[in-house]
Every structure is written in C-alpha cells, then in structure tokens.
Amino acid sequence: MRNTLIRGALAALALALAGCQSSTPSAGSPPPGGSEAPQLRREGRWLVDPEGRVVLLHGVNMVWKEAPFYPPATAEGFLAQDADWLARHGFNNARIGTLWVGVAPERGTVDQDYLAQWDRTIQLLASRRIWMLFDFHQDLLGPAYQGEGVPDWAVEEAKGPLTTLLGAPSFGFPFNYFMPQLSEAFDRFWASEDIRDGFAEAWAAVARRWKNQPYSMGYDLMNEPWAGLDYPTCLIPLTGCPWHDSGSLQPFFDHARRAIRAEDPHNIVWFQSQPLTSTGAPTGFTAIPGEEQLGFSFHYYCPLNTLGNALQLGILDALPVGLDDTCQAFGPRVFDQARAQADRMDAVELLTEFGATEDMQVLLDVTSDADERLVGWQYWQYKNWRDPTTESQGSGDQSLFTDDADLSTAKTAKLKVLVRTYPQATAGIPQSLSFDPDTAAFEYRYTPRAARGPTEIYVPLAMHYPSGYTLEVTGARSLSPANAGLLRLENLAGAAEVVVRIAKR
C-alpha cells in the first residue's frame, strides 16, 4: 500500500514536470522611513535597509521542530559562537522558527517564557547584524499526522470524518500530505473561524514582542500551506491553483496580516504559496489595497530529487525522465514564477527554503539561478537539529556540519557553494551578478543611486581567496584596504554604472 501511494505521488509530480524588466526604486528615491531600529523594508522588487541600500540575503533556516521548539543554549543548539560563525561565513540573515505551538499552545494564551527563550538567540543574531525573518513553521499540521507546528487544539478541531473512519495516515513526511485524511483536515483548518482567530492572535503576540527588534525583516505567516483535497489542481500547469484566492488561503493570511498591522504597521508580512505550485501552476495571490509591505516567500525543491532523498531508495534510475533534465527545467520556472507572483501582489520575493541535500549540483543550480535573477535565499537548514520532517530523513544531509555540536566539522564541499562573494548592501540598483565557486570569479553591475552608506560586498577570503584577490572597479572607488573581507565602495559622482570584478590571485 505504501509503495503504491508513493509511486502515485511520484508519478503525479513527474507528469507535472514533463512540460517544461522588473520594477525598481527610482534613481532619486530617498531612503525609506520606518522605525528607529534597523529593519528591512520593501521598495519595489527590492529589500532596502535604513541607509537606502538594496540588500541581498544569503542565509539559513533555524527551526527546532521538537518540544520545546527553540534551540537550547548548548553546542548542539545555538550559542554566541554560532552567531559568530554565521557572520564570519557571510550569512547575513536567518529564518527563525517561532512556532505557533510554542507561542500559543493553548487557545487564548501566550507563552511568554517561550518568547523569552527565543529572544536569547534573536539578540545574538541581531548583535552580529544578521537580519531575521520570524516563521510559523508547520509540517503535516501536528503530531496527530506525524508533523509539528500547529497547536493540538487546532489540529483536533481540523480533524474530519475521514480521519475518524480511516485513522490518521502513517506514511510520514512528505507522503501524508497526499492522504485524504490530512487533506480534509487542511480544508477544515482554512474554514474554521476559531483556528483563523487563534492563528491571528498568536501572530499579534509575536509582532507585539518584536515589532521594534533591530534586524527584523518581518513575518513569514505559514510554512508550506497545503491546499487540502483540491491539491491536484495545483499540479496542473497553466490552470493555476485557485484555492489561493478563492476564499481560502489569501483571506486566512489577510486576517493574520490585519492582526499584525494592529501591532506593527511597518515590518514586511510574507505570504507563502502551496508547495506544489512550484511545479508550474501559477499562484493566485493578489495585491491588497493600501498594503505596501508584502513579501512572497517561496521554496525550491526539485520534486524528483526531493522524493529520492525522502525515500532513500535507488528508484530514480528506473524513471524515464532523468533527474538532471527535470531539475534544469524546474529551477528557472520556480524563480520566474515567483517574480511574476510578487509583481501581481506588489511584493518582494525571497527564496526561504532550498537544499536539505548533499547533492552539490542541486545547490550549484539554485545559487546560480538566484544570482542570475538577483534573488536572496535561505538554505535549509543551519544544523540538522533532530528534524523529524525533512527530505533528508534523519541522514543529517541538510546540516552544514557532520556533527551539530562541533563547528569544526563544517562540510567544506557544501560551504564552497554556499559561502559566496556577493553584495550584501548596494548603494544603487542591481543589474547583474555572477559568481563561480570553482574559479571564485565574481562580477557585479549596478546603477548608482543616492544612499547614506557605501556598497558592501562580502568576500570569503579563507574559502575562496587564500592568497588574496585582484579587484577591478569602474564607477566607484574602494574605501577598503587590499584583500579586505568586506569590500566597501563609494560611487563616483556622475557614474552611470558601477562594475566590480574580483578574481583570486
């Protein structure tokens, strides 16, 4: 039975894969306003800091999915040396798993101790100038369906007759998503006013606690929301996934957005689509009148690679469609679709998950696609953290370390791809970006504009330039000494374009 269901899910995804000038701030735009704390704001298709610079993000996910749902102050968890390690390796942001079940485990209550426990890590990150995205992470709703993230009371309310009749599915992650019991529960979840109100109240508590938090970049409302029994429509290219805007997901999210806005008028609120829409069907989020600080959070997991990792079986070799072929077609479509969706909803897009694999080609493809499209990203994830719902299925492949408790065990091959030369903050509008992890050749072009700070480019000396680097710049001058790990550039008066090239010695 399990193999039949798995083959069905795999076949559906394989079939879906078979068919295989953006808005910018004006050159004279003033830096954005906002709260006194340094926080990111959306301006056109860009994330912009208080100095008026366009910020590009290379970061990690930090989600502890088991109780107590926050990383402990241990070597396995998160300590000051972890924050130092992230900053030293150029990771300038993190997606923080402040789970709903931790924030408000009971209806109408807020666990202030849980918020305080997360605040320890949040302040460590902020002190290293690492931007943070707060995330209500869920997988498979909760323990009743072999998942986590949603409080038990909400899961119980969402259970329907199919679960009563058939029992809860027990095929694990991600296969339970394709079972009718869980899909029915998601349908009931979106329709419940009690659940909608409880979700919004929990987000209001998070906003109340951290609305003025330095280095906040807002609120990612829900990880990988599922379309319920309508999910097959999200597998069909061109037809779209009407569930997003047909009275279910967008109204649910907008209810939470309004609750957040009552506490925090400024920080970005991020909507995320059904994960299966990344196979080609367009999403249906629309702009919200009067709302200027929206984000579109999307994920990149090539389906055949994901299922192969989850199953840990050699089944991919027997498929008529090759893994490399499908992923090469998949990647550009995911990014292009995200850009189009962000335009439709007047938002900025961010790749909030990819990875969870030791397949270096996948990581090379994703980071190259992101560079080409000038999109930031967050790798899944920093450490394995005993993750019970991941495609790497207990193998530890997703972690940046072979031993979570020992930072000296960092995976060099993976870091060679992820630790990249890139512009962390630009006094202008990005035009093109490329970096080759094999040669360390870097080229960046941007159009200068007024800003209150210099362009800052992270240069990973130990990883890619052990003997130093050569620098060529036109349209700007360097403010940094030779072979600086953080290159600062000042635009030259009258320059129409800045071009930066870096090569290893």
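Which of the residues spanning the range 360-386 are in a loop (DSSP other than H, G, I, E, B) and out of contact with any strand residue (DSSP E or B) (no Cβ under 9 Å at 6 or more places or on another chain)? Spell out the reasoning first.
If we filter the range 360-386 for residues that are in a loop (DSSP other than H, G, I, E, B), which is where we start, we get 374-376, 381-386.
Passing the criteria: only ARG386.
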Out of everything in the range 351-399 that is of a type in the set (Val, Ile, Thr) and in contact with a Gly (Cβ under 7 Å, 6 or more places away or on another chain), what residue ends up being surrounded by the fewest Cβ atoms within 10 Å (Cβ to Cβ)? THR389
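What residue, of ALA83, ALA9, ALA67, is at pLDDT 50 or above and either assigned to a helix (DSSP H, G or I) or buried (at least 23 other Cβ atoms within 10 Å of the Cβ) (or both)? I'd like the intermediate steps shown before the answer.
Values: ALA9 fails: at pLDDT 50 or above; ALA67 fails: either assigned to a helix (DSSP H, G or I) or buried (at least 23 other Cβ atoms within 10 Å of the Cβ) (or both).
Every option except ALA83 fails the conditions.
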Mind checking which pairs have a first residue in the range 249-271 that is under 22 Å from PRO214 (Cβ atoms) and a second that is at pLDDT below 95 and not aliphatic (A, V, I, L, M), Cβ under 6 Å, 6 or more apart or different chains? HIS266/GLY34; HIS266/SER35
Within the range 182-199, which residues are of a type outside the set (Phe, Trp, Tyr) and under 18 Å from THR163 (Cα atoms)? LEU182, SER183, GLU184, ALA185, ASP187, ARG188, ALA191, SER192
Only one of (1) more than 21 Å from the chain's Cα centre (by Cα); (2) surrounded by fewer than 22 Cβ atoms within 10 Å (Cβ to Cβ) is not met by LEU182, so which one is it? (2)
List the residue pairs whose Cβ atoms are under 6 Å apart, where the first residue sits in the range 141-154 and is within 16 Å of ALA200 (Cα to Cα), the second is open to solvent by less than 10 Å² (accessible area, probe 1.4 Å) and among the small types (Gly, Ala, Ser), and the two are 6 or more positions apart or on different chains. VAL150/GLY142
Within the range 328-346, does at least one residue satisfy the condition of being modelled with pLDDT of 80 or more, open to solvent by less than 40 Å² (accessible area, probe 1.4 Å) and either more than 30 Å from THR447 (Cβ to Cβ) or in a loop (DSSP other than H, G, I, E, B) (or both)? yes
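So that you can scan it fast, the table gives a plain yes or no per residue for (1) at pLDDT below 95; (2) in a loop (DSSP other than H, G, I, E, B):
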| site | (1), (2) |
| --- | --- |
| LEU17 | yes, no |
| SER22 | yes, yes |
| GLY33 | yes, yes |
| GLU51 | no, yes |
| GLU76 | no, yes |
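Return the residues of the range 53-64 that are part of a loop (DSSP other than H, G, I, E, B), closer than 17 Å to ARG95 by Cα and out of contact with any His (no Cβ under 7 Å at 6 or more places or on another chain); say none if nothing qualifies.
Residues of the range 53-64 part of a loop (DSSP other than H, G, I, E, B): 53, 56-57, 63-64.
Add one more test, that the residue is closer than 17 Å to ARG95 by Cα, and what stays is 56-57, 63-64.
The answer is LEU56, LEU57, TRP64.
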Any idea which of TRP100, TRP131 is at pLDDT 95 or above, open to solvent by 10 Å² or more (accessible area, probe 1.4 Å) and not hydroxyl-bearing (Ser, Thr, Tyr)? TRP131
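Give ARG88, ARG53, ARG120, ARG107 a once-over and let me know the one that is under 22 Å from ALA427 (Cα atoms) and open to solvent by 10 Å² or more (accessible area, probe 1.4 Å). Steps first, answer last, please.
Values: ARG88 fails: under 22 Å from ALA427 (Cα atoms); ARG120 fails: under 22 Å from ALA427 (Cα atoms); ARG107 fails: under 22 Å from ALA427 (Cα atoms).
None of the other options fit; the residue is ARG53.
Residue-wise test of (1) open to solvent by less than 30 Å² (accessible area, probe 1.4 Å); (2) not aliphatic (A, V, I, L, M).
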| residue | (1), (2) |
| --- | --- |
| LEU162 | no, no |
| LEU165 | no, no |
| SER170 | no, yes |
| PHE175 | yes, yes |
| TRP190 | yes, yes |
| GLU193 | no, yes |
| GLY198 | yes, yes |
| TRP203 | yes, yes |
| ARG209 | no, yes |
Filtering the range 172-212 down to residues that are at pLDDT 95 or above and part of a loop (DSSP other than H, G, I, E, B) yields MET179, SER192, LYS211, ASN212
Does the range 35-44 include one or more residues that are modelled with pLDDT of 95 or more, open to solvent by less than 20 Å² (accessible area, probe 1.4 Å) and of a type in the set (A, V, I, L, M)? yes
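Has the range 463-474 got at least one residue that is of a type in the set (D, E, K, R), farther than 27 Å from ASN61 by Cβ and over 31 Å from the mean Cα position of the chain (by Cα)? I'd like the intermediate steps shown before the answer.
Step one: filter the range 463-474 for residues of a type in the set (D, E, K, R), giving 472.
Those still in the list that are farther than 27 Å from ASN61 by Cβ too: 472.
If we keep only those that are over 31 Å from the mean Cα position of the chain (by Cα) too, we end up with 472.
The answer is yes; a qualifying residue exists.
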Give me the residue from the range 400-430 that is under 27 Å from ARG53 (Cβ atoms) and touching a His at 6+ places or on another chain (Cβ under 9 Å) and, out of that set, most open to solvent (accessible area, probe 1.4 Å). GLN424
Just checking: which of the strands (runs of 3 or more DSSP E) contained wholly in the range 431-499 hold 2 or more residues that are open to solvent by 20 Å² or more (accessible area, probe 1.4 Å) and charged (D, E, K, R)? 442-448, 486-491
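The values are calculated or read from the model by the stated rules, or taken from the named source; none is laboratory data. Since this is a predicted model, take the numbers as computed values, not measurements. Virtual Cβ from ideal backbone geometry, glycine too; neighbours counted across all protein chains shown. To get the accessible areas, we keep the full protein, side chains included, count just its heavy atoms, and leave off ligands, DNA and RNA. Shrake-Rupley method; radii C 1.70, N 1.55, O 1.52, S 1.80 Å.
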